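Trainee: Right, I'll just put the structure down here and ask away after.
The values are calculated or read from the model by the stated rules, or taken from the named source; none is laboratory data. Owing to the predicted nature of the structure, the values given are computational and were not obtained by experimental measurement. Counting neighbours? That spans all protein chains shown, and the Cβs are built from the backbone with ideal geometry, glycine included. Surface areas here come from the heavy atoms of the whole protein model, side chains and all, with no ligands, DNA or RNA. Shrake-Rupley method; radii C 1.70, N 1.55, O 1.52, S 1.80 Å.
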Amino acid sequence: MSDRVIPLVDQRIASLVARIPSMPIAATGLLGDALGRPLRDLRISVTDRCNFRCSYCMPKSIFDKDYPYLPHSALLSFEEITRLASRFVDHGVQKIRLTGGEPLLRKNLEILIEQLAALRTTEGRPLDITLTTNGSLLERKATALKAAGLQRVTVSLDGLDDAVFRAMNDVDFPVADVLNGIEAARAAGLGPIKINMVVKRGTNEHEILPMARHFKGTGIVLRFIEYMDVGATNGWRMDEVMPSAEVVAKIHAELPLVQLDPSSPGETAERWGYADGSGEIGVISSVTQAFCRDCNRARLSTEGKLYLCLFASQGHDLRHLLRNGTSDADLGSAIAAIWQGRDDRYSELRASMPPDASTGGRRVEMSYIGG
Ligand code: SAM
């Protein structure tokens, strides 16, 4: 008999119904939530599947061949995604990040990128369109992604040592292939490139300095992410979190750093520049330092649920509106009403609450919502 634990409540099914408000909400591009935060950044997950099995995100013991991934019919089509994205843009979104799962596993993703690249902000400007990837398919796809209108990429890379990297992705994927993918992205003009490294104490903290040395002076911005308590399957423990302050101190001891100002409001990473002017790094401290106050991000799941926080336990189902003949104006009003009611600030409340208290239940998985 298998000892695999099947969750009692599938978070993808438990959802809130998105309603059309009785009074239409005009799309002025100036929408604010209950705490006055604007809507600027939309993250769209295009698949819940990934070819890696990083233990902090999609541990093999849970995400095995029997895992109930979403059926194709549940996924939003490219037309549905673009139609929704357009309503978000009407309400102020300026940046779209495609994510997953592994977004490059979604067939013909370039077609979606072309559609999104045709959208314009309320001021008539093109959107900032970017993508987060594990880099495994980037070497093959970089040129086509750029041609379709993708502007830049963020590549997740947790170490340079091949053995460490293969163990962390847990599918024996070689680091050289990801490095080739990063090079292909650079050659295709998909920059400025960012690299995200999740630091897990006891697993890859000895890769911090080699990674910093490798990317210093290349124009690529390396960002260190604290291992987060997202989802419910990664067995998260605080003692495996390496606080960003420690990461900065470690690098500063060998490669002196100076703190830089944020480049935009709501930016997730704190910026540090090399004192010799040879570039910068970032640290994302979602565990040790809350950054909810300026959070302007909305997250759309693969099957069309709108999440207002990475640590939310439920999303608002927009797909049923899309598939029920709702007009664009009503769809936009429904999205606006949800955003206006948003008062989430999980990270700020976390310190004073028991693990699940602020979200009222089991949190959504990172591989489903996309980070
Ligand atoms: N497959 C793509 C990739 O690898 O970038 C996109 C999806 S992945 C869920 C997005 C980002 O979330 C990656 O940089 C990954 O390292 C990060 N991530 C996943 N689980 C995490 C956790 N528990 N703590 C911190 N970051 C995590």
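Trainee: I'm checking my understanding of the structure. Among residues of the range 97-126 that are without any contact (Cβ under 8 Å) to a residue 60 or more places away in the chain and over 22 Å from residue 40 (Cα atoms), which one is nearest to the ligand (Cβ to nearest atom)?
Mentor: Result: 102.
Trainee: Now for a separate question. Could you check the range 152-175 and list, in sequence order, the residues that are out of contact with any helix residue (DSSP H, G or I) (no Cβ under 7 Å at 6 or more places or on another chain), open to solvent by less than 10 Å² (accessible area, probe 1.4 Å) and farther than 15 Å from residue 97 by Cβ? Can you show your working first?
Mentor: Residues of the range 152-175 that are out of contact with any helix residue (DSSP H, G or I) (no Cβ under 7 Å at 6 or more places or on another chain), as a first pass: 152, 154, 156, 163, 166-171.
Then drop every residue that is not open to solvent by less than 10 Å² (accessible area, probe 1.4 Å), which leaves 154, 169.
Across the range 152-175, the qualifying residue is only 169.
To keep it simple, each residue is scored yes or no on (1) over 30 Å from residue 76 (Cα atoms); (2) part of a loop (DSSP other than H, G, I, E, B); (3) among the hydrophobic types (A, V, I, L, M, F, W, C).
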position: 262; (1), (2), (3): yes, yes, no
position: 265; (1), (2), (3): yes, yes, no
position: 288; (1), (2), (3): yes, yes, no
position: 295; (1), (2), (3): no, yes, yes
position: 313; (1), (2), (3): no, yes, no
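Trainee: Given the criterion away from the ligand (no atom under 16 Å from the Cβ) and closer than 30 Å to residue 215 by Cα, identify the matching residue among 264, 285.
Mentor: Criteria check complete, one pass: 264.
Trainee: Quick check on the range 44-62: of everything there that is among the hydroxyl-bearing types (Ser, Thr, Tyr) and part of a loop (DSSP other than H, G, I, E, B), which residue is least open to solvent (accessible area, probe 1.4 Å)? Step through it out loud before you land on a result.
Mentor: Just the residues of the range 44-62 that are among the hydroxyl-bearing types (Ser, Thr, Tyr), to begin with: 45, 47, 55-56, 61.
So of that shortlist, the ones also part of a loop (DSSP other than H, G, I, E, B) come out as 47, 55-56, 61.
Numbers: 47: 12, 55: 55, 56: 36, 61: 81 Å².
Within the range 44-62, the match that is least open to solvent (accessible area, probe 1.4 Å) is 47.
Trainee: Which condition number does residue 65 fail, the rest of (1) away from the ligand (no atom under 14 Å from the Cβ); (2) more than 25 Å from residue 323 (Cβ to Cβ); (3) in contact with an Asp or Glu (Cβ under 9 Å, 6 or more places away or on another chain) being met?
Mentor: (3)
Trainee: Out of 135, 101, 92, 149, report the one residue that is open to solvent by 10 Å² or more (accessible area, probe 1.4 Å), on the phi > 0 side of the Ramachandran plot, in contact with a Leu (Cβ under 8 Å, 6 or more places away or on another chain) and small (Gly, Ala, Ser).
Mentor: On the way: 135 fails: open to solvent by 10 Å² or more (accessible area, probe 1.4 Å); 101 fails: in contact with a Leu (Cβ under 8 Å, 6 or more places away or on another chain); 92 fails: open to solvent by 10 Å² or more (accessible area, probe 1.4 Å).
None of the others qualify; the one that does is 149.
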